[in-house]
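The values are calculated or read from the model by the stated rules, or taken from the named source; none is laboratory data. The structure presented is a predicted model; accordingly, all values stated were derived computationally and were not measured. Positions of Cβ are backbone-derived with ideal geometry, glycine not excepted, and every protein chain shown enters the neighbour counts.
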Amino acid sequence: MISATVSYDLGKLDGRMKAKNEAILEKMREQSLIIAEEATNIMKTYLQTHSKHATGELAGLLQAKTYRRGQTIYVSLANKSELTSKVPYWYVLNYGVGKSGAKFLPVENYGKWKNGKWIHIDKSEALDGNGRMKKGVRYLKPRHFTPVHYINAGIAYAKQKLSTLSRLMKK
């Protein structure tokens, strides 16, 4: 999961103080969800404004969630395994390298965009008998790839806001 965390130390408390701090933790979880939703919206906007191609399917998988374990609230902005299975390009798009660490270099590619997803078409199927591209087919010329650091934008926002929330709730 792509996440950030916030914790609140309850320490050793008697029953009344513990109940009060449980209420504080629940309020923090609620506020953390609002922050997570704002962060995923920032990520989606960042994708739309900085990506050269459609990213609708990827943006649709960016979903804010919170859960609590003990005194720690976890904020999730996306599920990595779901991203990997449904939009495997998410990692390269954000970091500019493959998971192996090798720099991503686009290759010559024929295909078309459908619902935010690139559908590859073999060159022999993309061209008609005269060597011209068939209707609806696009050609992606290999060129330098610039990553879109959408995850960094969301995580930075979430961490800053969660840190502020944590300080405010401890007062």
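Overview of values
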| quantity | calculated |
| --- | --- |
| Matching residues in segment 63-93 - criterion: being outside any strand (DSSP E or B) and either in contact with a Ser or Thr (Cβ under 8 Å, 6 or more places away or on another chain) or β-branched (Val, Ile, Thr) (or both) | 63, 64, 71, 84, 87, 90, 91, 92, 93 |
| Exclusive hit being modelled with pLDDT of 90 or more, of a type in the set (D, E, K, R), in a helix (DSSP H, G or I) and over 18 Å from residue 168 (Cα atoms), set 38, 30, 57 | 38 |
